[in-house]
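Trainee: The following block contains the structure, expressed as structure tokens.
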Amino acid sequence: MSVVSWFAVRRMAGPPVWWRHVLVPALGAAVAVAVIVEASRAAQVVGAVWLVVGLVVVVGGGGAGPGPVSVPAASLRTWL
């Protein structure tokens with residue numbers, strides 16, 4: 001969802017490329033949901049615990065690390 005939100009909705013550098021910025025992330029999300037639904041119960045529990053741990057780390061500030069990395073927008077354009 002964040003890819004679609006950033007590239008298709010809020011992007012200021014021109015119109016989005018729909019197949020790359022909407023269709024491909026949507027297909028990826030559909031595959032991820034299908035894999036999670038078809039996974040064993042134990043794998044679903046492990047995944048849910050891992051998700052909760054990740055959310056706790058994000059909400060808690062990520063521990064004693066240096067914090068999030070700030071990348072200038074100009075350098076991002078070379079990757080797109």
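Trainee: Within the range 35-46, does at least one residue satisfy the condition of being of a type in the set (D, E, K, R) and at pLDDT below 65? Walk me through it before giving the result.
Mentor: Just the residues of the range 35-46 that are of a type in the set (D, E, K, R), to begin with: 38, 41.
With at pLDDT below 65 added as a condition, the list becomes none.
There is no residue in the range 35-46 that is of a type in the set (D, E, K, R) and at pLDDT below 65.
Trainee: Quick check: anything in the range 14-30 hydrophobic (A, V, I, L, M, F, W, C) and modelled with pLDDT of 90 or more?
Mentor: Just the residues of the range 14-30 that are hydrophobic (A, V, I, L, M, F, W, C), to begin with: 17-19, 22-24, 26-27, 29-30.
This time we only want the ones that are modelled with pLDDT of 90 or more, so: 27, 30.
Yes: one or more hits.
The values are calculated or read from the model by the stated rules, or taken from the named source; none is laboratory data. Values in this document were obtained by computation on a predicted structure and should not be read as measured data.
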